[in-house]
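Trainee: Got a structure here, written out as structure tokens. Questions coming.
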Amino acid sequence: MTAAKKSATRRKTALPKPAKCPDCDGHGEITEAVKVGTRKGRITDHRQTGLCLTCLGFGEAPTD
Ligand SMILES: [Zn+2]
């Protein structure tokens, strides 16, 4: 059955400014503590910077 679906057209209201990504706070990068060991998962003082997977580095909250 191929009933023509009338998909509700999404109204894209022009946002004044994109919302900041909550995970990286708009930086596009996240710093996470480096864990050592598989059992205890001890957290060291070292921190590594990684690409924010929520916004993929754009720093904007994903809109869906
Ligand atoms: Zn982000």
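The values are calculated or read from the model by the stated rules, or taken from the named source; none is laboratory data. Keep in mind that this is a model prediction, so the values were computed, not measured. As a convention, Cβ positions derive from the backbone with ideal geometry for all residues, glycine included, and neighbour counts pool all protein chains shown.
Trainee: Consider only pairs whose beta carbons are under 8 Å apart and that are at least six residues apart or on different chains; among these, list those whose first residue lies in the range 7-31 and is polar (S, T, N, Q) and whose second residue is in a strand (DSSP E or B) and modelled with pLDDT of 75 or more.
Mentor: Going by the 8 Å Cβ cut-off, the qualifying pairs are THR31/ARG47; THR31/GLN48; THR31/THR49; THR31/GLY50.
Trainee: Let me ask something else. Would you mind finding the one in ALA33, ALA61 that is at pLDDT 75 or above and surrounded by 10 or more Cβ atoms within 10 Å (Cβ to Cβ)?
Mentor: Of ALA33, ALA61, the one residue that is at pLDDT 75 or above and surrounded by 10 or more Cβ atoms within 10 Å (Cβ to Cβ) is ALA61.
Trainee: Suppose the filter is under 13 Å from the mean Cα position of the chain (by Cα), modelled with pLDDT of 85 or more and of a type in the set (Ser, Thr, Tyr); does THR49 pass it?
Mentor: No: the conditions fail for THR49.
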